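The values are calculated or read from the model by the stated rules, or taken from the named source; none is laboratory data. Given the structure is predicted, the values throughout are model-derived calculations rather than measurements. Note that each Cβ is placed from the backbone with ideal geometry, even for glycine, and that neighbours are counted across all protein chains shown.
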Amino acid sequence: MIQGSWRIVRLGLKSLMLHKLRSSLTTAGILFGVASVIAMLAVGEGAKIEALERFRDMGVTNLIARSKKPAESLSNSQQSAWMPIGYGLQFEEADLIAASLPDATVIRIREIKKNMQRGENFRSSIVVGTEADFLEVANMRVREGRWLSNVDNERLANVCVLGATLSRLLFPLENPMGQTILVGDDDRYRVVGVLAEQGRTAGAGSTPYDECMFIPINTSNRRFGVILTNRSGGSFSRERVELHEVKVKMPDSTTVPAGAKILRDLVERQHKDKNDVLVTVPLELLKQEEESKRMFNIVLAVIASISLLVGGIGIMNVMLATVTERTREIGIRRALGAKRKHIIQQFLVESGVLSALGGVVGVALGIVLPFLITIWFDQKTIILPHHVGLAFGISAAVGVVFGIYPAWRAANMDPVDALRHE
Amino acid sequence: MTEREIIAEFVDVHRHYTMGDNIVRALNGVSMQVARGDYLTIMGRSGSGKSTMLNLLGCLDRPTSGEYRVGNRDVSRLSDDALSDVRGREIGFIFQSFNLIPQLTVLENLEVPLFYQNRVGAESRKKAEYLADRVGLGQRLEHKPLELSGGQQQRVAIARALMNDPLFLLADEATGNLDSNTEAEILDLFDDLRSDGVTIVMVTHNPAVAERADRTLWLKDGEVEKLIENTRQTATVAAGDAAGEQA
């Protein structure tokens, strides 16, 4: 049985070798179809995982209210640089949010850009003023030493915890623990801890937490005040900001929608007209992302189907030509005792072999392509085994499905006419 | 005439085709018999019904009415699959244009008839080697048909027709595409087969070929015109004249 099947495949290959160029071109149609399906799925999967990670970094049970400079204030600031522009979340609001969401953990964050110096090492980065619960809410870990405590806050301690990257930059050779850092012109902070590397993009605005310095929020208030002066590239502006961000960690993801509604209502009451606070709900973004990924996948599937359909039409075209060319052979085989099913089998095997060959090479190419995409375009790609199996399976099925009609035509030729065919 | 085993028989066979409004009566009530060991030729002008008769004899077509018996079985109403089986088991086809499958080797061509009966294996290979030897092509098993001369190709075709041990060989102008020397060789091969007891039915329009057979059936306008018995003697003499080398 197996020997017989192998013989059929071998004879099929032999017939395909009669027209090497034509067979290879037909195979190429399927090949590129399969390769592009695998590559597209790998890119899609990579992008999906990347997006998921990004939102997970923000915390799927978190709600984030972030102060932002209102757009119209930009021009105002240039007219009266000395008049501070007030915007954003206030301390009272944070208390109100905490009171309205008793089950949630609410933390306040201030972000102030400062120059930091340690010996000859100099860096300009964000000083994040925050609280003891920050570590849990932001889902971060301490690598060495300890995190900021409530006592630090109460005592307005001049202590800091460094992000992993910042720690490396300020202390390239020595152990930072217990050392002091000069912040701004005359504030000194003692390092009590270093955070583990995050490798995430989420952080204080556009600065990853890995590059930030963390101090107690009360210390931040006392040292820097609420009026912040920005000097950059010769321009000068003053703003009055109490809180840059409030993070709310809900107990679990089922309570996120209700919490989001309460938070939005509270924020809207104060900031609707000024439009200076933005509420972000990572879970909603995640769902939106998943929704758009679903659409993306549907589009992908349609493109993939079309490319394989085109490949299939190529196969059908070639098989119809083959059947016509080999009419006489069909007549001979029928005269020698072949039944209709034998003829169907013969041509189905040929079209199946044609597309399976394309499938095999296509799978190989489809596995290589995502690596190249990752190298050249810095786009994360993930090849899932079932995607490879799916692409190959579809290619083989395409060969058989599109081979059916030509094979059926071959089998239903009248043997007498077929034998007379020149 | 001594009692002989009838292996193929037409009983009042008609084959009519409709072409537009016309009915073409290609065969119109033909009855004939082929006995085991017969060497029968069928002759007639073009349009006499030779090809139709060949198609019916070869089970490639079914009669409109009448009965066609192969062995002891009426095959005139069989299904397509069953007819394929009869062709595969009982009939050995030999064509004017050899009809070998070009992409297959001689050996693979010889195995085609047994392939459709699931009988390909060590035994079929042995048989193919034996028959290739018998037709004088034992050294050419791995050659492709186009690497052989016309006469050699026809020898392969004859060996192929013998692979399934058919009831009879059915030849259609088997020497029509060959030069006269090769024709003589092929006809000698048929003579050899006949003396080994192989039954041969050959459609031809060449009288010199027909004279080497035992009997010649003449068709005219779809009916049997006459059946001529050649004595073996005259057949040999006639063949000798044709080939110019036998006494």
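For the stretch A:229-247, what are the residues that are within 30 Å of A:P282 (Cα to Cα), buried (at least 18 other Cβ atoms within 10 Å of the Cβ) and of a type outside the set (V, I, T)?
A:E239, A:E242, A:L243, A:H244, A:E245, A:K247, listed by residue number.
Contact list please: Cβ distance under 8 Å, first residue in the stretch A:397-410 and within 12 Å of A:G352 (Cα to Cα), second residue surrounded by fewer than 17 Cβ atoms within 10 Å (Cβ to Cβ) and hydrophobic (A, V, I, L, M, F, W, C), pairs at least six apart or on different chains.
Qualifying pairs under 8 Å: A:V398/A:L309; A:F402/A:I313.
Residues in the stretch B:131-151: is at least one in contact (Cβ under 8 Å) with a residue 60 or more places away in the chain and either within 14 Å of chain A (Cβ to nearest Cβ) or under 21 Å from A:A418 (Cα atoms) (or both)?
Checked against the condition, which is being in contact (Cβ under 8 Å) with a residue 60 or more places away in the chain and either within 14 Å of chain A (Cβ to nearest Cβ) or under 21 Å from A:A418 (Cα atoms) (or both), the stretch B:131-151 yields no hits at all.
Any chance the stretch A:267-274 includes a residue that's at pLDDT 85 or above and within 26 Å of A:L135 (Cα to Cα)? Before the answer, list the steps.
So the first thing to find is which residues in the stretch A:267-274 are at pLDDT 85 or above, and the list is A:267-269, A:271.
Still in the list and also within 26 Å of A:L135 (Cα to Cα): A:267.
Looking through the stretch A:267-274, at least one residue is at pLDDT 85 or above and within 26 Å of A:L135 (Cα to Cα).
Which members of the stretch B:73-88 meet the condition of being more than 7 Å from chain A (Cβ to nearest Cβ) and basic (K, R)?
Hits for the stretch B:73-88 are B:R73, B:R77.
Quick one: A:K341 ticks every box in (1) touching a Pro at 6+ places or on another chain (Cβ under 8 Å); (2) within 11 Å of another protein chain (Cβ to nearest Cβ) except a single one, so which number is it?
(1)
Taking the condition of being surrounded by 15 or more Cβ atoms within 10 Å (Cβ to Cβ), aliphatic (A, V, I, L, M) and closer than 30 Å to A:I85 by Cα, how many residues in the stretch A:258-311 meet it?
8
Output the residues belonging to the stretch A:338-347 that are outside any loop (DSSP other than H, G, I, E, B), surrounded by 23 or more Cβ atoms within 10 Å (Cβ to Cβ) and among the aliphatic types (A, V, I, L, M).
Hit for the stretch A:338-347 is A:I343, nothing else.
Exactly one of these conditions fails for A:R231: (1) free of Cβ contacts under 8 Å to residues at least 40 places away in the same chain; (2) assigned to a strand (DSSP E or B); (3) under 25 Å from the mean Cα position of the chain (by Cα). Give me its number.
Only one criterion in (1) free of Cβ contacts under 8 Å to residues at least 40 places away in the same chain; (2) assigned to a strand (DSSP E or B); (3) under 25 Å from the mean Cα position of the chain (by Cα) is unmet by A:R231, namely (3).
Okay, residues lined up against (1) in contact with a helix residue (DSSP H, G or I) (Cβ under 7 Å, 6 or more places away or on another chain); (2) at pLDDT 90 or above; (3) loosely packed, with under 14 Cβ neighbours inside 10 Å:
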{"position": "A:Q79", "(1), (2), (3)": "no, no, yes"}
{"position": "A:M83", "(1), (2), (3)": "no, no, yes"}
{"position": "A:G86", "(1), (2), (3)": "no, no, no"}
{"position": "A:A94", "(1), (2), (3)": "no, yes, no"}
{"position": "A:I107", "(1), (2), (3)": "yes, yes, no"}
{"position": "A:R118", "(1), (2), (3)": "yes, yes, no"}
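Among (1) within 17 Å of B:D38 (Cβ to Cβ); (2) free of Cβ contacts under 8 Å to residues at least 24 places away in the same chain; (3) buried (at least 21 other Cβ atoms within 10 Å of the Cβ), there is one condition B:S195 misses while meeting the rest; what is its number?
(3)
Restricting to the stretch A:299-326, and then to whatever is more than 14 Å from chain B (Cβ to nearest Cβ) and more than 45 Å from the chain's Cα centre (by Cα), can you tell me which residue is farthest from A:T27 (Cα to Cα)?
A:T324
Across the stretch A:1-52, what is the total count of residues that are under 24 Å from A:A301 (Cα atoms) and either basic (K, R) or in a loop (DSSP other than H, G, I, E, B) (or both)?
Looking only at that region, the number is 1.
In the set B:E211, B:E183, B:E173, which member is charged (D, E, K, R), surrounded by 18 or more Cβ atoms within 10 Å (Cβ to Cβ) and at positive phi? First the steps, then the outcome.
Numbers: B:E211 fails: at positive phi; B:E183 fails: at positive phi.
Of B:E211, B:E183, B:E173, the one residue that is charged (D, E, K, R), surrounded by 18 or more Cβ atoms within 10 Å (Cβ to Cβ) and at positive phi is B:E173.
Could you grab the pairs with beta carbons closer than 6 Å, sequence gap of 6+ or different chains, first residue in the stretch A:203-218 and among the small types (G, A, S), second one modelled with pLDDT of 90 or more?
Partner pairs satisfying both residue conditions: A:G203/A:Y209; A:A204/A:E111; A:A204/A:I126; A:A204/A:V128; A:A204/A:C212.
Go through (1) of a type in the set (G, A, S); (2) under 23 Å from the mean Cα position of the chain (by Cα); (3) modelled with pLDDT of 90 or more one by one and return the number of the condition A:G46 breaks.
(3)
Consider A:E329 carefully, then state whether it is within 14 Å of chain B (Cβ to nearest Cβ), in a loop (DSSP other than H, G, I, E, B) and either farther than 22 Å from A:I306 by Cα or within 49 Å of the chain's Cα centre (by Cα) (or both).
no
I'm trying to understand the selection: among the residues of the stretch B:72-110, which are within 29 Å of B:E5 (Cα to Cα) and acidic (D, E)?
B:D74, B:D80, B:D81, B:D85, B:E90
Could you check how many residues of the stretch B:59-72 are facing chain A (nearest Cβ under 8 Å) and of a type in the set (D, E, K, R)?
Within the stretch B:59-72, residues that are facing chain A (nearest Cβ under 8 Å) and of a type in the set (D, E, K, R) number 1.
Tell me which of these A:L278 doesn't satisfy, since it passes every other one: (1) assigned by TED's automatic domain parsing to the domain that holds A:L25; (2) in contact (Cβ under 8 Å) with a residue 12 or more places away in the chain.
(1)
From the list A:S100, A:S149, A:S206, pick out the single residue that is more than 30 Å from A:E268 (Cα to Cα) and not β-branched (V, I, T).
So the residue among A:S100, A:S149, A:S206 that is more than 30 Å from A:E268 (Cα to Cα) and not β-branched (V, I, T) is A:S149.
Of all residues in the stretch B:102-120, which are free of Cβ contacts under 8 Å to residues at least 24 places away in the same chain, at negative phi and within 9 Å of chain A (Cβ to nearest Cβ)?
Matches in the stretch B:102-120: B:E108, B:F115, B:V120.
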